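Everything on this sheet refers to the single structure shown next.
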There are 2 protein chains.
Amino acid sequence: MEATEHLRLAALAARDAGHQLARGSEAARNAALAAMAHALRDGMREILAANALDVAAYHGSAAFLDRLTLTEARVEAMARGLEEVAALPDPLQRTLADWTRPNGLRIQRIATPIGVIGMIYESRPNVGADASALCLKSGNAVILRGGSDSAHSAKAINVALQRGLAASGLPPACIQVAPNADRAYVAAMLAGAGLLDLIIPRGGKSLVERVQRDARVPVLAHAEGLNHTYVHEAADPAMARRIVANAKMRRTGVCGATETLLIDRAVAPSLLPVLVADLRALGCDFRADAAARDIVPDLHAAAAADFDTEWLDSILSVAVVDGVDAALAHIAAHGSEHTDAIVTEDAAVAEHFLRGVDSAVALWNASTQFCDGGEFGFGAEIGIATGRIHARGPVGLEQLTTYRYLVLGTGQIRP
Amino acid sequence: MEATEHLRLAALAARDAGHQLARGSEAARNAALAAMAHALRDGMREILAANALDVAAYHGSAAFLDRLTLTEARVEAMARGLEEVAALPDPLQRTLADWTRPNGLRIQRIATPIGVIGMIYESRPNVGADASALCLKSGNAVILRGGSDSAHSAKAINVALQRGLAASGLPPACIQVAPNADRAYVAAMLAGAGLLDLIIPRGGKSLVERVQRDARVPVLAHAEGLNHTYVHEAADPAMARRIVANAKMRRTGVCGATETLLIDRAVAPSLLPVLVADLRALGCDFRADAAARDIVPDLHAAAAADFDTEWLDSILSVAVVDGVDAALAHIAAHGSEHTDAIVTEDAAVAEHFLRGVDSAVALWNASTQFCDGGEFGFGAEIGIATGRIHARGPVGLEQLTTYRYLVLGTGQIRP
């Protein structure tokens, strides 16, 4: 079937299924998640066999091959992930506001599902299972289009999840996958105004940019994290060393990793050499401005574009700045409004910095790597939103809901 | 200057101005609104003279001519509107959530401006002043592109508002208007990804649809309100008469007006004739299904498309239904998820209806015309959002904000 027509039918089925899901109870959603976990374990053999086909066909990097490969332990972890989502608080049972007007009308703003979500991803097969769980728990139907490299795995996982849904009495159309991984299906999803209510892209920069450029549907994008850690002159040196090393090197490929170190001129002569030594011991390389290289001469010189580069690697851009306002100006010019941190013992300067950056997540005396749904206490996340509306930062269950109003009257009419 | 280049420069200036605005105090924003009101009164003569040019050039409907025409009283009302917005609570001083993690990290979700908003509208000149006030109060910069019919008026109003901004010490670039009303500027705005953070279209269906179809920027659309009032068999007849008459006929051109009456078969024989008589006395015409015409034979027959038509006029579609689930099915098939009401004395049925519709605003025993920011207590509104994300229903100051996180640590690093 042609992609556009397939998507249309899938979305209509998803819409119906989503209504049923949204009107059902929390118990029904949690029972479905339990049944889905059970079905994943039950379908272990089929899932691993399908994954073996993907693995056999793959001829790329070893790093991706590792992410692509499923094992019993990884499928078991997926199943446990579903059970963990079931145990989270219900995002739909929230009254966000409740007030009564002078005319006696009572107005309640209540949480409600977004509707039908399209998820476009390129990464590991478990992303599909995780996203399915979060969407189901939040009352949304989801249509998943994974990468072509993991197409067999994605289908086998979906078959198991749909079996779980059916066993629990919820419509399998709540969670669907694209019939194949051709590019036409992505195009159909991006053109799916009225069919999909939201598209969440997860993957590399070019995928996210394409989705943002071409989508006719609202997008909750997970784009670049060009994050800064700013070491202020009043930083505790030991704390600064701990935080900078962690923020850059704990994991370099996550979107919360620090990409640029800004350090005050007043403390750079004493502190920068030890920060560099710490990071070098962890395997980090540098792209430094002239002032930093005056202090540590063997740093690589930064090209202008380096301060606009999200390395996602063991490379750190380094610039010396003259105080908090210069740091803010650098971040405003080069940052991506994702995650930025200050290290200082001066509360007034910290306050000025926190007010002055407009990042989704602004930290004081903590590692930028805390930008994460789990670390925020959300239990699980579907991504980190980098847009300005609806949700910013980690996207958990609450961010997968929207709201509506109930207005309770006693016969009021408008004058 | 070419539209694209003009927009780029305007948006960059707006971005800087918006940052200054957002970092300034509530007092500074309120003082600016007061100064803007003062400047409107001061510029009365210039504004009326500019408006006279628009009026002289206009050759359309008398209704639009009335909306286009400014008077001293209308300019004064605009000025008072700015003062009323100044008096509203500050939407930026809100901590939306505040919690502490087991590792001691304190996380605060705080309200913050969206950024640079593009407003595209076709209606009355005062819309520009109202939107300017709401954006300024919420810390957003705005670029306004009004209709060509009111271009002179819009510019004169903007000149006054910018004078007020300058007098209060805030950058005039917070509030800008398109240099002319050509269509290229709208196209430039729609293509303004990275320059504008949000576009709010207000106007007819074709404008809103064009913006939704072509925008590369998130859109907070104000689209169709195909609203239903459902009279359940357990409705209080007197209340039903009062509500239906008000919901349809108080003002027929507002998006909260009822377009379709659904009435239970059990009470239609007794109640429909009086509802029709009430509405006829107010000048209403009907498009009724066969069952309704069996009861009131001289109603016009409804064509299939009539139940999908937003009349915005003194016309009411009428259908007889068999109970609340049939009403819900009709609304799901024909509604626009805007505003729907039930009239009933049966609380269990009302609850079932309120849970079963997915409208932005669902009412029980009240007129659909209450779907309005003022009636909700928001003080003022920039429109009624009909999308699924960020905001639904009346868009007031709070809905013109987004959020970000502050994370306050004591040296935490991520394990």
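Derivation of every value follows stated rules applied to the coordinates shown; laboratory data play no part. Keep in mind it's a predicted model, so treat the numbers as computed, not measured. Here the Cβ positions follow ideal geometry from the backbone for every residue, glycine too, while neighbour counts run over all protein chains shown.
The mean number of Cβ atoms from other chains found within 10 Å of a Cβ in peptide A:374-385 is 2, as a whole number. Where a ≥ b ≥ c are the square roots of the eigenvalues of the C-alpha gyration tensor, would you call the stretch A:105-208 rounded, which needs a/c under 1.5, or, failing that, prolate if a/b is larger than b/c, or oblate? Cα axes put the stretch A:105-208 in the oblate bin. Starting from the label point of residue B:374 at 7 Å along Cα→Cβ, the same points in the other copies fall at 5.2 nm, in ascending order. Net length available on complete extension from residue A:65 to residue A:103 is 7.3 nm, with 0.36 nm assigned per residue and the Cα-Cα distance removed. Karplus-based coupling profile of the stretch B:168-174, in residue order and whole Hz: 8, x, 9, x, x, 5, 4, with θ = phi - 60° in 6.51 cos²θ - 1.76 cosθ + 1.60 and x standing for Gly or Pro. Taken residue by residue and averaged, Cβ atoms of other chains lying within 10 Å of the Cβ of A:356-366 number 6. Relative to the other identical copies, residue A:332 shows label-point distances of 5.1 nm, where the label point lies 7 Å from Cα along the Cβ direction and values run shortest first.
Using only the C-alpha atoms, the convex hull of the stretch A:273-415 corresponds to 191 Å³ per residue.
With the simple spin-label model, which puts each label point 7 Å out from Cα in the Cβ direction, the residue B:205 to residue A:298 separation comes to 7.3 nm.
Close amide H pairs (under 5 Å, H built 1.01 Å from N) link residue B:321 with B:263, B:264, B:265, residues at least 5 positions away or on another chain.
If R0 is 45 Å, the Cβ-Cβ spacing of residue B:346 and residue B:87 corresponds to a FRET efficiency of close to 0.60. Counts of other chain beta carbons within 10 angstrom of each beta carbon in peptide A:394-406 average 4. Dipole orientation for the stretch A:227-374: of the candidates A:324, A:295, A:245, A:245 has the Cα lying most toward the positive pole (charges on Cβ; Lys, Arg +1; Asp, Glu -1).
In terms of its C-alpha gyration tensor, chain A comes out oblate, because a/c is 1.5 or above while a/b does not outweigh b/c. Only alpha carbons enter this Debye calculation for the protein assembly as shown, each as an equal point scatterer, and the log10 of I(q)/I(0) it gives at q = 0.05, 0.10, 0.11 Å⁻¹ is -0.29, -1.15, -1.34.
Close amide H contacts of residue B:338 (hydrogens built in the peptide plane, cut-off under 5 Å, sequence separation of 5 or more or a different chain): B:226, B:360. Principal-axis analysis of the Cα atoms of chain A puts helix A:237-249 at an angle of about 50° to the longest axis.
Extending 7 Å from the Cα toward the beta-carbon at both residue B:76 and residue A:28 defines two label points whose distance is 5.8 nm. In this rough spin-label picture, where each label sits 7 Å from Cα along the Cβ direction, the residue B:191-residue A:282 distance is 4.4 nm.
Overall, chain A carries a charge dipole of about 1680 debye about its Cα centre when +1 sits on the Cβ of Lys and Arg and -1 on the Cβ of Asp and Glu, all other atoms neutral. The DSSP beta bridges internal to the stretch A:227-374 are antiparallel in roughly 0% of cases.
Placing a label point 7 Å from the Cα of residue A:57 along the Cα-to-Cβ direction, the distances to the matching points in the other copies come to 6.1 nm, shortest first. Protection proxy ranking of B:379-390, A:290-301, by the mean of other Cβ atoms within 10 Å over each peptide's residues and highest first, is B:379-390, A:290-301.
Rounded to the nearest 10 degrees, the inclination of helix B:126-137 to the longest alpha-carbon principal axis of chain B is 60 degrees.
Of all residues in chain B, the one whose Cβ lies closest to the rotation axis carrying B onto A, together with that distance in whole Å, is B:390, 2. Per-residue extension of 0.36 nm, minus the Cα-Cα distance of residue B:214 and residue B:12, leaves a gain of 70.5 nm for this segment. Its Cα centre serving as origin, the protein assembly as shown has a Cβ charge dipole (Lys and Arg +1, Asp and Glu -1) of approximately 100 debye.
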